[in-house]
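J.: First the structure, which I've put down as structure tokens, then a few questions once you've had a look.
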Amino acid sequence: MKKQVMVVDDSRMMELQIRKFLEGSDFEMAAYCDNGEDAIARYGEIQPDVVTMDIIMPGIDGLETAKIILEEHPDARIIMVSSLIYDDTINEAREIGAKTFLYKPITRENLIQALTEAVK
């Protein structure tokens with residue numbers, strides 16, 4: 001059975017890219033949320049195996065969204081995905097409890113490796 005991935009990113013291009021990258025892998029997209037509020041509301045019903053989370057989004061940003069999800073669901077596995085490469089952002093993501101950090105643009109290989117590590 002494939003592992004379920006929730007993609008949280010305000011870019012439809014990113015959603016389509018991740019969906020394509022997951023083809024032929026052990027993962028499938030269970031849900032796509034284009035903002036943090038939607039991700040927080042839907043996480044409990046979807047209960048994905050892993051979440052990819054953009055940082056820069058309208059409304060609640062990805063770091064705050066991850067923090068809220070992890071407070072409500074401490075076992076959540078979240079991979080931060082962003083073009084921001086600042087050390088303080090990476091440190092904040094780790095402090096919140098993110099499993100890892102992927103830099104945009106992502107590759108299929110990096111995504112699958114990060115997802116696989118996150119679900120171990």
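The values are calculated or read from the model by the stated rules, or taken from the named source; none is laboratory data. Just so it is clear, the structure is predicted and the values come from calculations on it, not from any experiment. Backbone-built Cβ (ideal geometry, glycine too); neighbour counts: all protein chains shown. Protein only, heavy atoms only, side chains kept; ligands, DNA and RNA dropped before computing areas. Shrake-Rupley method; radii C 1.70, N 1.55, O 1.52, S 1.80 Å.
J.: Just the residues that are basic (Lys, Arg) and modelled with pLDDT of 95 or more, please, taken from segment 66-113. Walk me through how you get there before you give the answer.
T.: To start, the set of residues in segment 66-113 that are basic (Lys, Arg) comprises 67, 77, 94, 99, 104, 108.
Selection gives Lys67, Arg77, Arg108.
Yes/no per residue for (1) over 21 Å from Met29 (Cβ atoms); (2) crowded, with 17+ Cβ neighbours inside 10 Å; (3) out of contact with any His (no Cβ under 9 Å at 6 or more places or on another chain):
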site: Asp75; (1), (2), (3): no, no, yes
site: Ile78; (1), (2), (3): no, yes, yes
site: Leu84; (1), (2), (3): yes, yes, yes
site: Glu92; (1), (2), (3): yes, no, yes
site: Glu95; (1), (2), (3): yes, no, yes
site: Lys104; (1), (2), (3): no, no, yes
site: Leu115; (1), (2), (3): no, yes, yes
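J.: Out of the residues in segment 55-64 that are open to solvent by 70 Å² or more (accessible area, probe 1.4 Å) and touching a helix residue (DSSP H, G or I) at 6+ places or on another chain (Cβ under 8 Å), state the one that is nearest to Ile112 (Cα to Cα).
T.: Step by step, filter segment 55-64, then rank; the result is Ile56.
J.: Cβ-Cβ below 6 Å, separation at least six or inter-chain, first residue in segment 78-104 and farther than 12 Å from Thr52 by Cα, second among the aliphatic types (A, V, I, L, M) and part of a loop (DSSP other than H, G, I, E, B): which pairs?
T.: Close Cβ pairs (under 6 Å, with a partner that is among the aliphatic types (A, V, I, L, M) and part of a loop (DSSP other than H, G, I, E, B)) amount to Leu84/Ile55.
J.: If I go through segment 11-25 residue by residue, how many of them are among the acidic types (Asp, Glu) and open to solvent by less than 70 Å² (accessible area, probe 1.4 Å)? Steps first, please.
T.: Narrowing segment 11-25 to residues among the acidic types (Asp, Glu): 15, 23.
Adding the requirement that they be open to solvent by less than 70 Å² (accessible area, probe 1.4 Å) leaves 15.
Residues flagged as among the acidic types (Asp, Glu) and open to solvent by less than 70 Å² (accessible area, probe 1.4 Å) within segment 11-25 amount to 1.
J.: Quick one: Glu71 ticks every box in (1) within 19 Å of Ile40 (Cα to Cα); (2) surrounded by 15 or more Cβ atoms within 10 Å (Cβ to Cβ) bar one, so which box is it?
T.: (2)
J.: Given (1) more than 18 Å from Glu117 (Cα to Cα); (2) part of a strand (DSSP E or B), where does Met80 come up short, assuming only one miss?
T.: Of the numbered conditions (1) more than 18 Å from Glu117 (Cα to Cα); (2) part of a strand (DSSP E or B), the odd one out for Met80 is (1).
J.: Within the set of pairs 6+ apart or on separate chains, which have a first residue in segment 15-42 that is assigned to a helix (DSSP H, G or I), a second that is hydroxyl-bearing (Ser, Thr, Tyr) and open to solvent by less than 40 Å² (accessible area, probe 1.4 Å), and C-beta atoms under 7 Å apart?
T.: Partner pairs satisfying both residue conditions: Glu15/Tyr32; Ile18/Thr52; Gly36/Thr65; Ala39/Thr65; Ile40/Thr65.
J.: Okay, next question. Inspect segment 43-54 for any residue being out of contact with any Gly (no Cβ under 8 Å at 6 or more places or on another chain), open to solvent by less than 10 Å² (accessible area, probe 1.4 Å), at pLDDT 95 or above and among the small types (Gly, Ala, Ser) and give the result as yes or no.
T.: Scanning segment 43-54 turns up no residue that is out of contact with any Gly (no Cβ under 8 Å at 6 or more places or on another chain), open to solvent by less than 10 Å² (accessible area, probe 1.4 Å), at pLDDT 95 or above and among the small types (Gly, Ala, Ser).
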